[in-house]
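Colleague: The structure under discussion is supplied below as C-alpha cells; questions concerning it will follow.
Only the coordinates and a few stated rules stand behind these numbers; no lab work does. This structure is a prediction, so every number in the text was calculated from the model and none was measured.
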Ligand code: ATP
C-alpha cells in the first residue's frame, strides 16, 4: 500500500475580497510533499490571490490558511518556503552573484552557488548586473533565488513566461528534481502543456471557486468532449448542425470534429459515408478540459 504524502500547506474554505469583489470564494487546496500541484484558471480567476494567502502576503477574510501547520508568514514557515512571483522587484544594480549570496545568507543551510547555477541555468551570468539581463535571464535568476534556500515548499507563479523552449525545459527538469527530493511545488501557469507535463495534481478554479481537482487524467476524464478525425467526404457544414457537435474543420480529405456526443456522431458519420476510413476518437486534452470546465456561464450568476 502506498501512503499519501503529508500535506505541507493548505487553504480550507478560504475567501478573500477586494472591496466589493469576491476574488476567492471558499477555496480548499492542499499541497503535498513530493508533488507538483498546478493551479489553473483564466486571468482573474484568483490564482495569485491564493498564492498570496499561502505566503502570508494577504489575509483571508474567511476560512483557514496553514503552512507547515503554522499561520502563514511566520518566520519558521518562511524559512522553509521559496517563491517566484510575477513581479520580483529586485535591485537592478546588483550582480547575479551578489543577489544569490544575499538571499542565500538568509538560510542556515543554503544550496551551493554551483548547484543554483546548474538548476536555474545561470551559466555565464554570475557577474552580470541583474538590470542588464534579458527578461528570460531575469526569470532564471528569480528561480535560482526561489530555490537557493532548499525550500520544502516552492511557489512558482507563471515561472516560464518569457522563457525560450530550452530554458523552459531546463526549468521543468529542475522542478522535477526538487519534487523528487520531497519538496511540494505550487505552480500557476497558463501553459496547459506545462501543467500536463509536470503536475501530480491539477486544481482548476474559476471566479475564485474550485471547479475541478485531481490528476491530469482525472480532470481530463471529467469532461465529455472527444475529438474525432476521419477521412470522409461528408460535408462539414452539415455535420456542424448535428446535435452535440461543437466544432468541425476540414483539412483536405480529413474531417475533424469536437463533440460532446462521440458515439451518436460516429454512428451518423458511418451511416452518411460508407467509404469513411481512418477513424480516430480521442479523449480531450487538458486544454480542452480546462476550457470546458471554465466555460459554464451560470457560474457568473453565483
Ligand atoms: P492572472 O492569471 O491574470 O494572473 P489570477 O488568477 O492570478 O489572474 P488574481 O490576481 O488572484 O487572479 O485576481 C483575482 C481577482 O481579484 C481579479 O478580478 C482581480 O482583478 C482582483 N484583484 C486582484 N488583486 C487586486 C487588488 N489588489 N485590488 C483589487 N482587486 C484585485
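Colleague: Quick one: compute the contact order of the range 7-220, relative version, from alpha carbon pairs under 8 angstrom and 6+ residues apart, as a percent.
Modeller: 30 percent.
Colleague: Report relative contact order for the range 154-302 in percent, whole number only (criteria: Cα-Cα under 8 Å, sequence separation at least 6).
Modeller: 23
Colleague: Per 5 Å bin, what percent of the C-alpha pairs of the range 1-42 does each bin hold, from zero upward?
Modeller: Bins of 5 Å from zero give 6, 17, 19, 22, 15, 10, 5, 3, 1, 0 percent of pairs.
Colleague: In the chain, what percentage of the DSSP-assigned beta bridges are antiparallel, given to the nearest 5? Show your work: numbers first, answer last.
Modeller: Details: 37 of 54 bridges.
Within the chain, antiparallel bridges account for around 70 percent of the total.
Colleague: Based on the alpha carbons, how large is the Rg to Rh ratio for the range 226-283 when Rh follows Kirkwood?
Modeller: 0.89
Colleague: Compute for the range 1-160: radius of gyration divided by Kirkwood radius, i.e. Rg/Rh, restricted to C-alpha atoms, rounded to two decimals.
Modeller: Radius of gyration relative to Kirkwood radius: 1.00.
Colleague: Related question: Given a cut-off of 33 Å, what percent of all Cα-Cα pairs of the chain lie beyond it?
Modeller: The share of Cα pairs beyond 33 Å in the chain comes to 36 percent.
Colleague: Between the range 35-56 and the range 257-293, how far is it from one alpha carbon centroid to the other, in angstrom?
Modeller: Using only Cα atoms, the two centres lie 33 Å from each other.
Colleague: Let me ask something else about it. Once you compute Rg and the Kirkwood Rh from C-alpha atoms, what is the Rg to Rh ratio for the range 176-280? All intermediate terms of the calculation are to be shown ahead of the outcome.
Modeller: Values: Rg = 18.7 Å, Rh = 16.4 Å.
For the range 176-280, the value is 1.14.
Colleague: Another one. Normalising by the residue count of the range 226-283, find the relative contact order in percent from Cα pairs under 8 Å and 6+ residues apart.
Modeller: It rounds to 48 percent for the range 226-283.
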